[in-house]
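Input: a single structure, listed below in C-alpha cells.
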Amino acid sequence: MSKAVSLRWGCFLVSSAGAVNDAGMSMKAESLVLHGDALYGEKEFRRALNAYKQGMQYSRSIPRQATSNIRSSVSATGRSPSPNSLNLLPFNENEVKFKIALCHSALCEHREALQEMEGIPSKVRSLKMNLMLGKLYRISRNSRSAVVCYKECLRQCPYVFEAITALAEMGLSAKEFSLLFSQAPNRGGKLPSDSVDAQRWWNRYVEAQCCIASHDYKGGLDIYLELMQRFPNNVHILLEIAKVEAIIGRNDEAIMNFEKARLIDPNIMTYMDEYAILLKTKSDYIKLNKLVHDMLHIDPARPETCVALAAMWERKDERKALTYAEKSLRVDDRHITGYIMKGNLHLSLNRPDMAVTDFRGAQELRADLRSYQGLVRAYLALAKCKDALFTAREAMKVMHQSAKALKLVGDVHAISSSGREKARKFYESAIRLEPGFLGAALALADLHVAEGRNREAVMLLERYLRQWADDSLHIKLAQVFAATNMLSDALSHYQSALRINPQNEAAKKGLERLEKQMKGVDPDAPEEDEDNEADDIDADQDDAELL
C-alpha cells in the first residue's frame, strides 16, 4: 500500500463515528496511531505528533479492566472484538511514547523528546529506545546517563556501531570495551572458531574507534587498513579510512578511497560532503558537479547534499554557498561538516567572529583537527593572537603525536617577526615527526622567504619535489622564483603545476600575476602587518614542553 493511500485510509479510520463502547475506543486509539505512522512516513512530524497524542488520550480514557478484557479477547480469538474485525494489536503505550519522542526529535524539540523517553520504564526499553535515549542525553550534555544507555545497548547487542562510536567519543577505552563484551551473556557455551575470529576483528574495529576518538589518527588508520585486508570491499571501513585521511590532510589518498567506495556502492551518501570538499580543494569541478548531480538524484534533503552544494557554489557565489551550509544545519543541527563548511565560508566573507561560533559548534559535537585549524585562523583574523596561541597549544596537547598540530602552533608564531624562530622550530619538528608532510615544508619555505633566505627555500622545495610530484610544491617554487625576479623559472613551475592539475586556481592566478611582472607592473601592493604579535612572555616554557 502506497504512503498516499495509507494516509487517506488513515483519515477515514480516525474520522469514522465508531462505537462509543470500550472496544470502539480501543480501535479509535489504534487507528490514530496507524494514522500517525503514515504521517511520520511522509515527514509530517507535527501532524503525526498530534495523532499519537490523541491515540494516547483515547487509550487512557478506557478503564484498565476493559483494556485487559480487550487484550484477552484478542489473545483468545486472534481478532479485534470490534464489528469491523480489523485484527488490531493491543495498544502499547511505551511504543507510542517512543514514536512521540521520535517526532519531537525530528522537530529538534529535544527536551520534550527526552521527557517522553524518560517516561518509559528502563526494564521495557528496546535497543532502539536505548539508542534514542543515549542520543538525547548526549544532546542535553548528560554524558553519564548517555554512557549508561549506550552500555545497555551493547548488552542487548554487542555489534551496535552507533553505540560503539558514541562510547569511544565519550572516552571509553578499548580495555573497558573488552570488559563490557565479556559481561555479555553467552548462551551457546564455548564459542565456535568462526565466532572467535569475528570477536577478534570486532575488537580491532573497536580499538580503531577508540584511537580516532582520542585523536590518534595514525593508530586508527593502521587498524582500518589491517581490517581492509580481511574485508577488502567493505564500504563502511573504506569510508572511515577516507574520512580520517581527509582530516589529517592526505587528500589524494582520501579521494581515491572515496571513489573506490562509490564504485562499490554508487548510492552511498555517508561522508560524501567530505568528498565534495576535497574535490573543491583540488579544483576538480568536473567531478564535483557530477557528484552533486548524483547526490541530488539520490536524496536532495540530506545535510550531506547541502554541504556538497555549498562546496560547488563557493567558487562562484560565496553567499549562496553559505545559504546551503546553513540549510545543512537546519536539516541536522548536529552535522559537524556543516559547521566546518559554514565557518570556512564566514572566514572567506571576512566574518571571523561568526566563524569562531561555527568552529566552536563543531568542537562541542566532536573536536577534530579541522575545528582547531579553523579557530586559529578566525582568532588570527580578529587579531586575538593569545586566543589563537592557546587554541593551537590545546590542539598540540590533545594530539601530541600530530605533525599538523605542531604546524598549527608554528603558524601562530610565524605571523610576527619576533616569533619566527619559534615557528621554524615547530615546523622542523613537524617535518621530523612526519617527513612527508608537505604543509610543514611549504610553511617553512615561506618562513625562509620572509627572512630573506630564498636559496634555502628553493633547496627545501626542490628536495621535496624529487620525492613528490605535487602541484602545490611547483606553485610555491614559482612564487619564490617570481619574488627573486627569476621569471622564466617561475613560469616553468606554474606550467608544471597546471600540467599536474589543470584546474588549480592558485596556479592560474599566479600566472596572471607573473604576466604583470613580465610587463614591468608590480602585482603586489605593499602590505605591512607587524601589529599582530603572537608573543607571550610565559610561552617559552610551554613551547619547550610541546616540542
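The values are calculated or read from the model by the stated rules, or taken from the named source; none is laboratory data. Predicted model, so just to flag it, every value in this text is computed and none were measured. Every residue, glycine among them, receives a Cβ derived from its backbone with ideal geometry; neighbour counts consider all protein chains shown. Quick note on the areas: whole protein, heavy atoms, side chains included, nothing else; ligands and nucleic acids left out. Shrake-Rupley method; radii C 1.70, N 1.55, O 1.52, S 1.80 Å.
Numbers at a glance
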| quantity | calculated |
| --- | --- |
| Some residue of segment 323-336 being open to solvent by 10 Å² or more (accessible area, probe 1.4 Å), touching a residue at least 40 places away in the same chain (Cβ under 8 Å) and of a type in the set (S, T, Y) | no |
| Hey, Y40 open to solvent by less than 30 Å² (accessible area, probe 1.4 Å), modelled with pLDDT of 55 or more and under 44 Å from the mean Cα position of the chain (by Cα) or not | no |
| Elements of type helices (runs of 4 or more DSSP H) in segment 353-469, at least 3 residues being in contact (Cβ under 8 Å) with a residue 24 or more places away in the chain | 369-381, 385-398, 403-414, 420-433, 438-450 |
| Residue count for segment 119-143, restricted to those that are part of a helix (DSSP H, G or I), more than 23 Å from the chain's Cα centre (by Cα) and surrounded by fewer than 19 Cβ atoms within 10 Å (Cβ to Cβ) | 4 |
| Flag if I264 is at pLDDT 95 or above and open to solvent by 20 Å² or more (accessible area, probe 1.4 Å) | yes |
| Single residue of A383, A403, A395 found to be of a type in the set (A, V, I, L, M, F, W, C) and open to solvent by 20 Å² or more (accessible area, probe 1.4 Å) | A383 |
| Answer from A445, A482, A469 - the residue that is open to solvent by 60 Å² or more (accessible area, probe 1.4 Å), more than 20 Å from G374 (Cα to Cα) and among the aliphatic types (A, V, I, L, M) | A469 |
| Residue within segment 65-88 that is at pLDDT 55 or above and not aliphatic (A, V, I, L, M) present | no |
| Evaluation of A414 against (1) open to solvent by 40 Å² or more (accessible area, probe 1.4 Å); (2) under 20 Å from L477 (Cβ atoms) (one fails), failing number | (1) |
| Helices (runs of 4 or more DSSP H) enclosed by segment 227-333 - at least 2 residues per element that are in contact with an Asp or Glu (Cβ under 9 Å, 6 or more places away or on another chain) and closer than 23 Å to A213 by Cα | 235-247, 251-264, 272-281, 303-313 |
| Leading residue by the ranking (farthest from K282 (Cα to Cα)) among those in segment 502-519 that are open to solvent by less than 50 Å² (accessible area, probe 1.4 Å) and touching a residue at least 24 places away in the same chain (Cβ under 8 Å) | L514 |
| Criterion violated by R315 - all others in (1) touching a residue at least 60 places away in the same chain (Cβ under 8 Å); (2) among the charged types (D, E, K, R); (3) surrounded by fewer than 18 Cβ atoms within 10 Å (Cβ to Cβ); (4) within 30 Å of E109 (Cβ to Cβ) satisfied | (4) |
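Condition check ((1) open to solvent by 30 Å² or more (accessible area, probe 1.4 Å); (2) closer than 23 Å to D368 by Cβ; (3) touching a Ser or Thr at 6+ places or on another chain (Cβ under 6 Å); (4) modelled with pLDDT of 95 or more) across all residues:
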site: A242; (1), (2), (3), (4): no, yes, no, yes
site: K280; (1), (2), (3), (4): yes, yes, no, no
site: D284; (1), (2), (3), (4): yes, no, no, no
site: A310; (1), (2), (3), (4): no, yes, no, yes
site: K320; (1), (2), (3), (4): yes, no, no, yes
